[in-house]
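Heads up: the structure comes next, in structure tokens.
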């Protein structure tokens, strides 16, 4: 999961805690892949784009889940970057 | 994982920032009642601002910015009078509403006095604490949560922690940590340091759940050997938005308070009421407060008690945890829910609405849901709570244990 610093563009602006271990490739992928516009109103989600939303990423199995909230219209939901398509309901 | 900008926004406390404006819609404890009985004015820091909090001889409480509007000397050295507090430097007198009532060196016939006003907050006493509101008017009501007004024997442990309050609040929606930090880790340290770890904390979590409700988020869990019919799931206990967590069980009722003193300092308070049935409670003219230890003499965290373990986990994340390099999993959905709740309520404040948990409805007491049979551990939880958690540092720890044991004997005797 860790990646070399060579893969880090610095675009996340993070790394304040880099001395204790950090993951530039994951941070970079988060910035690249996090949904930028609200599925409800098409307004920008990220502060960097002038939006007032929040996108928190968590991982489950091979999937990356973005928990989204749009401050403009109030829409909220999860957007999943699915690693694979599963045809049955996951066990609780 | 968040972007750096989102993390920055989430962890601000300053006025003018979305989070700072949200946090200024709530009441916070800023002093112990006994402190103003011992001396009627003292400093208080809240949300990155410095204040003088005081009690007049008439019994009114006030909170004003520390710097006198005249030439910025500290009002925390003020002379407290029946009408307010007088600056020690040139004697300007301010009422609890911030009105300038006297400027001894200025001529009486000028209106200078009327043109100067301190930006006053509001202060009230409840449950052995002085509470302050420093946000815009009209102030909401001070919420009278059950723990602060119920009968019982009170006890307040506290310390100041060098980290942002949000990473502490995220712990309040993270049930799984209990099983590890207070279970396996506790047992590991006990084995190496030669003490007993309580078995009730180490039970495996089978299921966790989170429900938003009118005061925050109810956290639920099913531990191994229990079911959805047990209190931990059926009732759960709440994160009380935005800075408290209600917890308890076995006749111990507690509010864990996390006051954002500034961006990287949080006052952690454990406001506990021991309220076993079947016994008369002794009078408490003053609520005892005591500082709980964070570090050992070698500078490492003291982790031989429950809250010491929590504080280690919060503080070692750094002054502001860098959420651009975290890796959340499915078990962290409570954390994602809390962040969204903060953001939703920043938006509510920006719209001019009251955020979650602000109340303007008169009330005597707000009862919060909280399990009674904690971790399916029965009454042994109360003794574990005193022996293995912060209450062990209380000056009345032994008396509290006797209170629970005697009450249990009385209940047994009454039941025949």
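Comparison of B:155, B:196, B:232, B:151 shows that the only residue that is in contact with a helix residue (DSSP H, G or I) (Cβ under 8 Å, 6 or more places away or on another chain), assigned to a loop (DSSP other than H, G, I, E, B) and either surrounded by 15 or more Cβ atoms within 10 Å (Cβ to Cβ) or in the same structural domain as residue B:353 (by TED's automatic domain parsing) (or both) is B:196. Sub-7 Å Cβ pairs linking a first residue in the range B:107-131 that is exposed (fewer than 10 other Cβ atoms within 10 Å of the Cβ) to a second residue that is at pLDDT 95 or above, at least 6 apart or interchain, number zero.
Pairing each residue of the range A:50-62 that is within 7 Å of chain B (Cβ to nearest Cβ) with any residue that is surrounded by fewer than 19 Cβ atoms within 10 Å (Cβ to Cβ) and assigned to a loop (DSSP other than H, G, I, E, B), provided the two are 6+ apart or on different chains, yields C-beta distances under 7 Å for A:52/A:72; A:59/B:327.
Put simply, of B:310, B:322 the only residue that is more than 9 Å from every other protein chain (Cβ to nearest Cβ) and touching a residue at least 24 places away in the same chain (Cβ under 8 Å) is B:310.
In the range B:57-79, the residue that is surrounded by the most Cβ atoms within 10 Å (Cβ to Cβ) out of those that are outside any strand (DSSP E or B) and touching a strand residue (DSSP E or B) at 6+ places or on another chain (Cβ under 6 Å) is B:75.
With B:43, B:29 as the choices, which residue is part of a strand (DSSP E or B), closer than 19 Å to residue B:125 by Cβ and touching a helix residue (DSSP H, G or I) at 6+ places or on another chain (Cβ under 6 Å)? Answer to the selection: B:43.
Is there a residue being farther than 17 Å from residue B:341 by Cα and without any contact (Cβ under 8 Å) to a residue 60 or more places away in the chain anywhere in the range B:6-20? The answer is yes, given that some residue of the range B:6-20 is farther than 17 Å from residue B:341 by Cα and without any contact (Cβ under 8 Å) to a residue 60 or more places away in the chain.
The combined condition, being buried (at least 16 other Cβ atoms within 10 Å of the Cβ) and within 18 Å of the chain's Cα centre (by Cα), is fulfilled by residue B:308.
In the set (1) in contact with a helix residue (DSSP H, G or I) (Cβ under 9 Å, 6 or more places away or on another chain); (2) at pLDDT below 95, residue B:330 fails one condition alone, (1). Looking across the range A:63-90 at every residue that is more than 14 Å from the chain's Cα centre (by Cα) and more than 12 Å from chain B (Cβ to nearest Cβ), the one that is nearest to residue B:322 (Cα to Cα) is identified as A:83.
None of A:9, A:46 is closer than 30 Å to residue B:319 by Cβ and modelled with pLDDT under 80 except A:9.
In the range B:325-371, the qualifying residues are those that are away from chain A (no Cβ under 11 Å) and without any contact (Cβ under 8 Å) to a residue 60 or more places away in the chain, and the one that is surrounded by the fewest Cβ atoms within 10 Å (Cβ to Cβ) is B:352.
Residues in the range B:83-98: is at least one touching a residue at least 24 places away in the same chain (Cβ under 8 Å), within 30 Å of the chain's Cα centre (by Cα), at positive phi and outside any loop (DSSP other than H, G, I, E, B)? Within the range B:83-98, one or more residues are touching a residue at least 24 places away in the same chain (Cβ under 8 Å), within 30 Å of the chain's Cα centre (by Cα), at positive phi and outside any loop (DSSP other than H, G, I, E, B).
The values are calculated or read from the model by the stated rules, or taken from the named source; none is laboratory data. What you are looking at is a predicted structure, and each value in this text was computed from that prediction instead of being measured. Note that we place each Cβ from the backbone using ideal geometry, even for glycine, and neighbour counts take in every protein chain shown.
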